[in-house]
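Bear in mind that the values in this text are calculations on the coordinates, not laboratory data. Model, not experiment: these values are computed from the prediction. Positions of Cβ are backbone-derived with ideal geometry, glycine not excepted, and every protein chain shown enters the neighbour counts.
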Amino acid sequence: MEELQLGEFGPIFTQFRGKPKEAIKFLRQQKQGECIASLHRDDIGDIDIVWGEVTDTIKHKGFGLSHIIDKHEAEIKQLGFEVEDFVPIVVQFGELKEKKSDDKKITLESQMFRVIIQKKWNGKDKTFLLSAFDLRKKPR
């Protein structure tokens, strides 16, 4: 069995290259680590999926897949999707928003959701799924 390397987000899993659905399901079970190059877009390149962390469960603050699940899983299910299906769709088909992107992050938007791809972590190049936002208007 191959020995796992450790990265900034825990164990590094390489068996999910190009397999975002499987990577998301796996990280949900592991609750730690990162899956290298699970997502890909020609205009961005490889994108890692990291488990990340929820830093505030009341205000739903955090980063990575754990944050997206904590904050948006119910909303994604309202749209008729599971997180492991929805995130790859928004990443693959979302419009790259140049004006909302910079040297640290990339913004991709669909009609209802925005995802943020982080390009640096602790001063090093690292392209990974950081966060997501529901763009639908909230009922008043």
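Seen from all directions on average, segment 5-134 presents a Cα convex hull projection of 7.6 nm². Extending 7 Å from the Cα toward the beta-carbon at both residue 133 and residue 92 defines two label points whose distance is 2.5 nm. Here 102, 85 are placed in order of increasing Cβ neighbour count within 10 Å, fewest first, which gives 102, 85. Here the relative contact order of segment 5-134, from alpha carbon pairs under 8 Å that lie six or more residues apart, stands at 18 percent. Cross-link pairs exceeding 18 Å in C-alpha to C-alpha distance, out of 97/119; 104/124; 21/120; 71/105; 25/77, comprise 21/120; 71/105.
Label sites at residue 85 and residue 99, each approximated as a point 7 angstrom past Cα along Cα to Cβ, lie 3.4 nm apart.
Here the gap between residue 31 and residue 44, fully extended at 0.36 nm per residue and compared with their Cα-Cα distance, gives a gain of 2.1 nm.
Kindly provide log₁₀ I(q)/I(0) values, in the same order as q = 0.16, 0.22, 0.25 Å⁻¹, from the Debye equation applied to equal alpha-carbon scatterers of segment 18-94. Log10 of I(q)/I(0), two decimals: -0.57, -1.04, -1.24.
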